[in-house]
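Presented below is the structure to which this report refers.
Derivation of every value follows stated rules applied to the coordinates shown; laboratory data play no part. Nothing here was measured: the structure is a model prediction, and the numbers come from that model. Heads up, the Cβs are rebuilt from the backbone with ideal geometry, glycines too, and the neighbour counts pull from every protein chain shown.
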Amino acid sequence: MPLNTINRRDALALMGSALAVPAWALDIKAADALQQEAAGQTVYFNAWGGSDVINRYIQWAGQKVQQLYGVRVEHVKVSDAADVVKRVRNEKLAGKKDGTVDLVWINGENFLAMKRESLLHGPINELLRNYTWVDTQGKPTTTMDFAEAVDGMEAPWGMAQLTFMADSQRVPKPPQNIAELLAFAKSNPGRVTYPRLPDFHGTTFLKQVLLDLNTDPKAQRPAFYQSATPQAVERLCKPLWEYLDALHPHLWRAGKQFAQSAAAVRQMMNDGELLFALTFNPNEAANEIAANRMAASVMSYQFPGGTIGNTHFVAVPFNARAKAAALLFADFLLSPQAQARKADIAVWGDPTVLALPKLPAELRALFDSKPLPGQVLSSTPAIAEPHGSWVGALEAQWIKRYGIA
């Protein structure tokens, strides 16, 4: 069946309107060729598998592309994208042209490694018709990934910004900056913690503290957006270690142990063991409240001075066996229909990468929603991630300093 017929049918089913013609249908000849190549292929999508909410969304997306294109999606659940990078790297060293990864959920230091080692296929964004809807102006992290130019080598999938959570009935005035957080921890010993590194939430917390302690935009901030040198790490991280040395004795288990993940921290907050949690999804509390997994009194907020924000992406390895099918799947993940479903707090609540004003009214209406429970109290600036090379430097020094592997 021609792609334009399939897409129109899918648009009707999803939106109930014959007026909505997806962006995929704009270049029928090229789309038909890609669809013919992809037919019958299986996309091995290597993506974090630690969330039932996200896993169900990926399953739904896989079902949709199978209906649309006859393409099967196999979610290969991974705990760390760095393991996927290592696998693709080893395949390249072994000369393996038919790789085991067709699409990978990635960003930051892992993208930096794959891009610099020529482990990616691309540019791909120029091949994705739904990329035309991406907000590259208002959301600059869709084109700069941890201070590294994307250059079309990965497709944006969702937005993230460091967000804190606290139960307003127990914590009516939560800390609004890192100085207040230290004071809060001292006043509530054992009731605060953060995930142990290399969990990316824990690493992000360290980066937030690091940037907040180095606020001089001329003398200090620029260094974080360049490759991390040993000299820069030693000079600029000194205030970070001093801050953590002061904070840790007041944390859960006196800072001698750390939770395995942000999900574990959130659960301990739900259980009353902790008073404070963190997430990278501003809508996570709303999702949890809507699912009756979190008290309705929990509020999300960000530091008024801003918190670290980024974009997460999908990318195709250089030796992917099902490149055509991977591109079709990546394009579907960028579609207004898929992005709107992902943004729905009843589904996932992951913020969209699309520029809603660009969309036709009938597509923009897919994103209409009621006020969120536990929503962020006020919008705060998203602080750009430091260069990806800072991640490994911070994690290595944290583990060495605190002796926790």
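Tell me which residues come under 5 Å, amide H to amide H, from W157 once H is placed; ignore anything under 5 positions away on its chain.
H312, F313, V314
Relative to the longest principal Cα axis of the chain, at what angle does helix 230-247 sit, 0 to 90 degrees, rounded to 10?
For helix 230-247, the angle is close to 60 degrees.
Can you tell me the FRET efficiency between Q260 and W60 if r is taken as the Cβ-Cβ distance and R0 is 30 Å, rounded to the nearest 0.05? Walk me through the numbers on the way to the answer.
Working: r = 28 Å, r/R0 = 0.92.
Approximately 0.60, to the nearest 0.05.
Relative contact order (percent) for region 110-252, with alpha-carbon contacts under 8 angstrom and 6 or more residues of separation? Don't skip to the end; give the middle numbers.
Working: 91 pairs, mean separation 31.4, N = 143.
Relative CO of region 110-252 lands at 22 percent.
Taking R0 as 25 Å, what FRET efficiency do you get between K400 and T100 from their Cβ-Cβ distance, rounded to the nearest 0.05? Before the final figure, lay out the partial values.
On the way: r = 33 Å, r/R0 = 1.32.
That pair, K400 with T100, gives E of 0.15.
Which whole-Hz couplings ³J(HN,Hα) result when phi for each residue of region 155-165 is put into the Karplus expression 6.51 cos²θ - 1.76 cosθ + 1.60, θ = phi - 60°, listed in order with x for Gly and Pro?
9, x, 10, x, 9, 9, 8, 4, 9, 10, 9
Once both axes come from the Cα atoms, what is the angle between helix 178-187 and the longest principal axis of the chain, in degrees from 0 to 90, rounded to 10?
60 degrees
Around A355, with a cut-off of 9 angstrom between Cβ atoms, what is the net charge of the other residues, counting Lys and Arg +1 and Asp and Glu -1?
Values: positive: K139, K358; negative: D135.
So the environment of A355 carries a net charge of +1.
Check V298: other-chain or 5+ apart residues with amide H under 5 Å from its amide H, H built from backbone geometry?
Excluding prolines and chain starts, which carry no amide H, the hits are S168.
If I model a spin label as a point 7 Å beyond the Cα along the Cα-Cβ vector, how far apart are those points for L93 and E273 in nm?
In this crude spin-label approximation the distance works out to 3.9 nm.
Taking R0 as 45 Å, what's the FRET efficiency between R170 and S227 from their Cβ-Cβ distance, rounded to 0.05? Write down the numbers at each step before the final one.
Details: r = 43 Å, r/R0 = 0.95.
Plugging the Cβ-Cβ distance into 1/(1 + (r/R0)^6) gives 0.55.
M144 to R116: extension gain in nm, 0.36 nm per residue of separation minus the Cα-Cα distance?
Numbers: separation 28, 0.36 × 28 = 10.08 nm, distance 1.46 nm.
The M144-R116 span can extend by a further 8.6 nm.
Quick one: dipole size for the chain, taken about the Cα centre, charges +1 on Lys/Arg Cβ and -1 on Asp/Glu Cβ, in debye to the nearest 20.
Numbers: 40 positive and 38 negative charges, 71 e Å.
Magnitude of the dipole: close to 340 debye.
Share of Cα-Cα pairs in the chain beyond 26 Å, in percent? Please list the in-between numbers first.
Working: 44901 of 81810 pairs.
When all Cα pairs of the chain are counted, 55 percent exceed 26 Å.
If neighbour count is taken as other Cβ atoms inside 10 Å, put W157, W60, W48, W398 in order from fewest to most. Don't skip to the answer; put the middle values down first.
On the way: W157 24, W60 14, W48 18, W398 21.
If I rank by nearby Cβ atoms, fewest first, I get W60, W48, W398, W157.
Extension gain E242-D80, at 0.36 nm per residue separation less the Cα-Cα distance, in nm?
Numbers: separation 162, 0.36 × 162 = 58.32 nm, distance 2.90 nm.
Stretched out fully, the E242 to D80 stretch lengthens by 55.4 nm.
Under 5 Å between amide hydrogens, which residues at least 5 positions from Y44 or on another chain qualify, with H placed 1.01 Å from N in the peptide plane?
E74, D102, L103
Calculate one ³J(HN,Hα) per residue across region 42-56 by plugging θ = phi - 60° into the Karplus curve 6.51 cos²θ - 1.76 cosθ + 1.60, and present them in order as whole Hz with x for glycine and proline.
Each residue of region 42-56 in turn: 10, 8, 8, 8, 8, 8, 3, x, x, 9, 4, 4, 5, 4, 5 Hz.
Over the chain, with a Gaussian network built from C-alpha contacts below 10 Å, which listed residue (A160, A286, A365) shows the highest mean-square fluctuation?
A365
With θ set to phi - 60°, apply the Karplus curve 6.51 cos²θ - 1.76 cosθ + 1.60 along region 136-142 and write out the HN-Hα couplings as whole Hz, x wherever there is a Gly or Pro.
Result, ordered by residue: 7, 8, x, 10, x, 6, 6 Hz.
Answer with one residue from P123, W105, T136: the one whose Cα lies farthest towards the positive end of the charge dipole of region 96-136, charges on Cβ with Lys, Arg +1 and Asp, Glu -1.
Most positive-ward Cα: P123.
Stretch A346-Q137 to full length: gain in nm at 0.36 nm per residue minus the Cα-Cα span? Write out the running numbers ahead of the final one.
Working: separation 209, 0.36 × 209 = 75.24 nm, distance 2.83 nm.
Result: 72.4 nm gained on full extension.
How tilted is helix 323-334 with respect to the longest principal axis of the chain? Cα atoms for both, answer in degrees (0 to 90, nearest 10).
The two axes meet at around 60 degrees.
Whole angstrom only: what separates the Cα centroid of region 208-285 from the Cα centroid of region 63-85?
After rounding, the separation between the Cα centres reads 32 Å.
Give me the one-decimal nm value for the distance between modelled label points at S297 and F367, 7 Å along each residue's Cα-to-Cβ direction.
Label at S297, label at F367, 3.4 nm between them.
In which sequence would I399, I383, I106 go, from the one with the fewest C-beta neighbours within 10 Å to the one with the most?
On the way: I399 14, I383 22, I106 27.
Least to most surrounded, the residues fall as I399, I383, I106.
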